[in-house]
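A.B. asks: Below you will find the structure I want to go over with you.
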Amino acid sequence: MTLKLIVALVDDARTDAVIDAARAAGATGATIITGVRGEGLMPQKTFLGLDLWASRNVILFVVSAARAEDILASIGREGRFDSEPGTGVAFQVDIEHAIGLRTQLPTIMGTKAQA
């Protein structure tokens, strides 16, 4: 079992499109953490002492290592991460051990369920 965790930090308006793109590339599901805040290289300007920042979400995908690169590339294209500054970032990390995936693992790995 070789799995990857893809983490996408996405502008709120692009979240659904990024999830759809990941599913089309082979992701079987996602966990979304809403309403996070981040600060990039150039902090947002303030207006009358109020912070101006767009709502962001963290999307977590547990995927098979074999599909990870395609899913990550699809997320990047749909999110326009490399073409439009401030739209988001995505990266993948290795998963050494995972529990709680027994019923989902055949689908994640693209194999048939065992009887």
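The values are calculated or read from the model by the stated rules, or taken from the named source; none is laboratory data. Being a predicted model, the structure only gives us computed values, none of them experimental. Using ideal geometry, Cβ is built from the backbone for each residue, glycine included, and neighbour counts are taken over all protein chains shown. Accessible surface is based on the protein model in full, side chains and every heavy atom, while ligands, DNA and RNA are left aside. Shrake-Rupley method; radii C 1.70, N 1.55, O 1.52, S 1.80 Å.
A.B. asks: Tell me the strands (runs of 3 or more DSSP E) entirely within the chain that contain at least 2 residues that are buried (at least 19 other Cβ atoms within 10 Å of the Cβ), of a type in the set (A, V, I, L, M) and modelled with pLDDT of 90 or more.
C.D. replies: Answer list for the chain: 3-11, 56-64.
A.B. asks: Under 6 Å between Cβ atoms, at least 6 apart or on separate chains: pull out the pairs that start in region 70-85 with a residue that is farther than 16 Å from ALA24 by Cα and without any contact (Cβ under 8 Å) to a residue 60 or more places away in the chain and end on any residue that is of a type outside the set (A, V, I, L, M) and open to solvent by 20 Å² or more (accessible area, probe 1.4 Å).
C.D. replies: PHE81/GLY88
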